[in-house]
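A.B. asks: Sending over a structure as structure tokens; questions will come in a sec.
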Amino acid sequence: MLPALRRGEAAVMTLTAILPTLRASVPDPLDPSAWPAHTEPTVDDVRVAAVSMSRLAEITGTPCVHSAEQAPPRYRSRDWSPRGMSVAVAAVTAVRRTADGVVVELDAVLPDCAVTGEARLIGRRTTAAPVVVTVETAASPDAASAAAGVRMTVPRDVAVGDLVCLPCSQAVTHRLLIDRTAATDLGAVSVAPSSTSEPAVRVVRAPADAPAGVRSVVTAVR
């Protein structure tokens with residue numbers, strides 16, 4: 001039985017986990033509450049509102065992120081409104097198999113809102129048995145220590161170049177996937193102009209508990 005994951009939900013034993021060969025024709029099930037609305041899994045991809053995540057990574061490169069709305073819960077109040085969510089796609093840049101287990105390095109920084117328990121390998125079909133791996137990243141200098149102990153479940157034959165897709169419970173930007181400090185920066189940030197003729201830019205970020213739809217406010221400071 002797979003051990004519980006440290007961040008996100010615990011690994012769930014499904015029929016495709018017991019009989020991995022079924023994944024050649026049947027996609028692994030996903031938790032609808034953890035993914036955006038209109039998310040559809042296939043045997044080698046995840047589509048969000050008909051947008052292919054593997055195709056998105058092919059066009060834009062990795063890491064990349066797709067923003068969407070929260071799926072409506074089964075029971076909800078009349079004043080319920082969907083919050084913003086995201087789906088992140090990262091590439092595997094290194095795989096190390098040691099006596100202590102498998103370590104996978106990604107080219108993205110995992111934000112705190114990433115649901116690693118729902119991570120999926122996309123871009124190819126595989127019938128390999130699932131395995132819990134430790135995640136590392138080389139996207140920023142302090143990312144390795146920040147991601148220490150983060151685990152997710154992927155097929156045992158995971159290799160360099162594979163794509164990993166996972167949902168985020170909040171709307172995230174591309175910057176959060178490449179800069180760990182951005183994920184915790186909720187205050188004001190001043191950006192120096194590239195030339196004396198350009199104004200300085202001050203970005204005021206909304207707090208983490210701000211209502212959905214409240215985004216960063218950008219002002220030019222002369």
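A.B. asks: Taking the C-alpha atoms of segment 51-138, how large are the radius of gyration and the largest Cα-Cα span, Dmax, in Å?
C.D. replies: 16.0, 53
A.B. asks: Mind ordering 115-128, 45-58 by average Cβ neighbours within 10 Å, highest first?
C.D. replies: Order by mean packing, descending: 115-128, 45-58.
A.B. asks: Per 0.36 nm of contour for each residue apart, how much would the distance between SER67 and VAL51 grow if the chain were fully extended, relative to their Cα-Cα spacing?
C.D. replies: Extra length from SER67 to VAL51 when fully extended: 4.7 nm.
A.B. asks: What figure, in Å² to the nearest 10, do you get for the accessible area of CYS113 with a 1.4 Å probe and non-protein molecules left out?
C.D. replies: 20 Å²
The values are calculated or read from the model by the stated rules, or taken from the named source; none is laboratory data. Only a predicted model underlies this, so the values are computations on that prediction, with no experimental measurement involved. Glycine also receives a Cβ, built like all others from the backbone with ideal geometry; neighbour counts cover every protein chain displayed. Just the protein is used for accessible areas: all its heavy atoms, side chains included, with ligands, DNA and RNA removed. Shrake-Rupley method; radii C 1.70, N 1.55, O 1.52, S 1.80 Å.
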